Number of protein chains: 2
Amino acid sequence: MAKQKKQPRPKAETPKGFRDYFGAEVTQRSEMLQTIAGVYHRYGFDALESAAVETVEALGKFLPDVERPNAGVFAWQEDEGEKPGAWMALRYDLTAPLARVFAQHRNDLPTPYRRYAMGPVWRNEKPGPGRYRQFYQCDADTVGAASVAADAEICAMLSDVLEKVGIARGDYIVRVNNRKVLNGVLETMGLVDEGMRNAVLRTIDKFDKVGENGVRELLTKGRLDASGAYIDGVGLGVDQAAPVIAFLTSKAGDAAGTLANLRAAVGGSAVGLEGVQELEIISELLSAQGYGPDRIEIDPSVVRGLGYYTGPVFEAELTFEILDEKGRKRQFGSVAGGGRYDDLVKRFTGQAVPATGVSIGVDRLLAALREKGRLQGVEHGPVVITVMDRDRMADYQTMVAELRNAGIRAEVYLGNPKNFGNQLKYADKRNSPVAVIEGGDEKEKGVIQIKDLILGAKIAENATLEEWKERPSQFEVPRDQLVAKLREILAGQG
Amino acid sequence: MAKQKKQPRPKAETPKGFRDYFGAEVTQRSEMLQTIAGVYHRYGFDALESAAVETVEALGKFLPDVERPNAGVFAWQEDEGEKPGAWMALRYDLTAPLARVFAQHRNDLPTPYRRYAMGPVWRNEKPGPGRYRQFYQCDADTVGAASVAADAEICAMLSDVLEKVGIARGDYIVRVNNRKVLNGVLETMGLVDEGMRNAVLRTIDKFDKVGENGVRELLTKGRLDASGAYIDGVGLGVDQAAPVIAFLTSKAGDAAGTLANLRAAVGGSAVGLEGVQELEIISELLSAQGYGPDRIEIDPSVVRGLGYYTGPVFEAELTFEILDEKGRKRQFGSVAGGGRYDDLVKRFTGQAVPATGVSIGVDRLLAALREKGRLQGVEHGPVVITVMDRDRMADYQTMVAELRNAGIRAEVYLGNPKNFGNQLKYADKRNSPVAVIEGGDEKEKGVIQIKDLILGAKIAENATLEEWKERPSQFEVPRDQLVAKLREILAGQG
């Protein structure tokens, strides 16, 4: 008889670029999402949860190349038997699904439609260190409101969210700019060539790194960078580059000053002046609600990469310093961003619908709070009821039921109870605050041993049962004081 | 010049079998998940969140047919340039990822590893009415515990969860059985042929529908069904079928009686007797913790479809009646199930690891609570500050900031304020409890109008501003009493 060929064992691995989250990582994210949802909700936004899967068309992927429809997204073809089926893909953000939802349900939804959404999104990109292909976003958007009051509100809400999750005032700044101002500057410069305009935008984005002189050089003749390489310039004249420099350096001591500088920078451009006026209104509305420049400020250097923004853009930056992987101090950086996009719904319906919103990078925000020591990496485990006598499992289960009914997190050790040391090692690995012991002697005397593990954890690892019982952090109490004594110890541990 | 070809507009639709969830649907599910997580956590289970995406191998799909690797799952091939990449797929449950996670991290995880997980899973199946391709599961499993105390605990926890989310005692029952008992019955019958065994198992599954006599007929000569069609029998003799009948009818008035009947049904089968003994231990442990047969009972008719169960199996059934789509009364049915599976981790490591767990169908549980009227379909919307004078937006924003700071959900109307009726229709559509009005007259007098919308909603839809202002549910109060008066009205509305 032929030997049956065995299936090879599958590898126990996540796919490349994906990871597992354990314990506190999960619960802290979940708590943060709830906190943010609470603020969004208080501002009048309603929850929306769309599926992870959308048609490729709805996501804006038009299959220019059927061989590779999944550039940037995870996509597959519906299996419909004979004929080739529709292409589907995992959402890469929460904005594209919102545009589809609003277009699909617009007759039933209130207008403006204010919704928040939270959940994972997926990117089919090369993974790298700390760069995953699935991550969380937490968005709020107002669809159908042309007024920049909607943009101002999003900025105020973003500020509230950051303080609510534990970023202190002074440790963050929400920076606001307006694409229209930037467009006005380009108009003033007489730049019509798309290539030139994009070259200028890319250069503006480098302002943070190379400063005023660097940008001036890059816009004109070019520049020797720090590594000694020569970077070609965009080729503008010094005069032609002046409005860009004026724009980038227009931030003044207060909003009025910045706005005056911006007004000068856009010259006679109508769209530019409209942009400055919108920023002025935003600034006034925020002042009226008490959001001063310590929380939200106009900052012309905010560009935001996405091409679809059409008006105000904003970004929340954490301003405290952390050490980077090379031990250098740097600012933590951006944790949220957004802006006005008036054309996303139009793709579906042909009618432009004004919209504005923000997306919070929840995983980065969690990382920031961990950096600041505001989140503990490990939470306490459950109280562990050890099993001294496997025939008295019912006794131990009765104890654990008492504790749980009293709201105390607890479990009976459910592994093989033969080796008592393993039970203590287990409690240690779970970071348990307390272990409870009831052997035959205790049972007879009507008592239990309660061991405070927080202090004794390290030592306990190698202790014998006898040594263990003698430690001062161990208490013998009557069986009927189980709950009371545990409450006392847990309260003492904080 | 050639006319540029326009992209056709994408359809604003979800892919087939997917849907959007709005407002209360989202928040009620989220609250239920949090409630369940709270119970799981109190029992000592730790959170785990794995990615939605797994390798196809890890999910247990071994690509028997490369043309169609995605039978049952949504799968695609990693794009790695030249060479064909790995196959990835969306998880179809939370148990397969748990087996992978435990195998991957087993050296770092405590044993037993007790984890809970919640989130969407995806099935590539033909969608139908009320049958979606993405739905939520909420699982808890104990990996590495051979003791049936772990199974008993899962049943107790399941009972606690159901009561905690709002299913009253008496409206549900957790039913427990054991695969080993069933195997013992088949052993007693001398059934070795796999086809015959499966035919018997399928017949047992019909007990609920056809009853004792029906099963006896189906196991032997066959049976005329209600539609008049003749169903072939399995072909057993009446004597040979007797143990199956004894097994299925072994449920007695109490656990002791049922266990005695089961012991008789398995005859001399060792595995059967082991199964009965396990049920006995489970029953004792649950009694000790106060879980009587009004909550958890031994019921031999529980089979559970999945082939991977190896010991105790359990199912939570809601016992109250609802009307089905044809207006007939029927029991709501199963909302959760699980059991012991000892071989899932072995696939990866070669070593058997005992495991047991439960999966709660959160969406079905939500549907049940809605049926019972325990969940409202629509929640109240925000207080709406109407815009009477668009130049005084800052005034309205100041009001809304006061309300939000007082913890009251509120928003300024952000659509085009020109048509006041539209603002009221909007408030109506949002199910807003209150609208606030401050026109020029009010501003001058230092007052505001506050309109209770809960009573007046229907009428308001066609009212003019003048009519609107005269309704008795409208109050004029000094501007500085905005928060106080709103608190009063909202409290009155409940």
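Things worth noting here:
- Annotation: amide H of residue B:178 within the under-5 Å range of B:313, sequence separation 5 or more or interchain, hydrogens built in the peptide plane.
- Taking the longest Cα principal axis of chain B as reference, the axis of helix B:238-248 is set at about 40 degrees.
- In order along region A:413-418, the Karplus-derived 3J(HN,Hα) couplings, from 6.51 cos²θ - 1.76 cosθ + 1.60 at θ = phi - 60°, round to 4, 10, x, 5, x, 4 Hz, and Gly and Pro are given as x.
- For region A:229-296 and region B:356-416, distance of Cα centres in Å: 36
- Violating pairs (Cα-Cα greater than 26 angstrom) within the set A:126/A:372; A:164/B:418; A:418/A:443; A:164/B:425: A:126/A:372; A:164/B:418; A:164/B:425
- B from A by rotation - nearest chain A beta carbon to the axis, in Å: A:76, 2
- Panel order for B:490, A:279, B:285, by other beta carbons found within 10 Å of each beta carbon, from fewest to most: B:490, B:285, A:279.
- Kirkwood analysis of the protein assembly as shown, using all unique Cα-Cα pairs, places the hydrodynamic radius at 32.3 Å.
- Kirkwood analysis of the Cα pair distances in region B:206-284 returns a hydrodynamic radius of 13.8 Å.
- Computed Rg/Rh of chain A, alpha carbon atoms with Kirkwood Rh: 1.10
- Farthest toward the positive end of the dipole of the protein assembly as shown, out of A:493, B:301, A:242, is the Cα of A:242, where the dipole comes from beta carbon charges about the Cα centre.
- Fewest neighbouring Cβ atoms within 10 Å first, the residues B:153, A:379, A:325, B:411 line up as A:325, A:379, B:411, B:153.
- For chain B, the longest principal axis of the C-alpha atoms and the axis of helix B:362-371 are separated by about 70°.
- Amide H contacts for residue B:233 (H built 1.01 Å from N in the peptide plane; partners 5 or more residues away or on another chain; cut-off under 5 Å): B:222, B:223.
- Of the chymotrypsin sites (Phe, Trp or Tyr not before Pro) in region A:146-233, those whose Cβ has at most 14 other Cβ within 10 Å and which sit in DSSP loop: none
- Each residue of region B:38-54 is assigned a 3J(HN,Hα), and the resulting list reads x, 5, 3, 5, 4, 7, x, 7, 9, 6, 9, 10, 8, 6, 5, 9, 10 Hz, derived from the Karplus form 6.51 cos²θ - 1.76 cosθ + 1.60 (θ = phi - 60°), x at Gly and Pro.
- Listed by chain and number, the aspartates and glutamates whose C-alpha is less than 19 Å from the C-alpha of residue A:329, apart from same-chain residues fewer than 8 away, are A:171, A:208, A:317, A:321, A:371.
- Point-charge dipole on Cβ atoms (K/R +1, D/E -1) for the protein assembly as shown, about Cα centre, debye to 20: 1500
All of the numbers you see were taken from the coordinates with simple rules; none came from a lab. All figures in this text were calculated on a predicted structure; none of them were measured in a lab. Quick reminder, even Gly has a Cβ in these numbers, built from the backbone with ideal geometry, and neighbours come from all protein chains shown.
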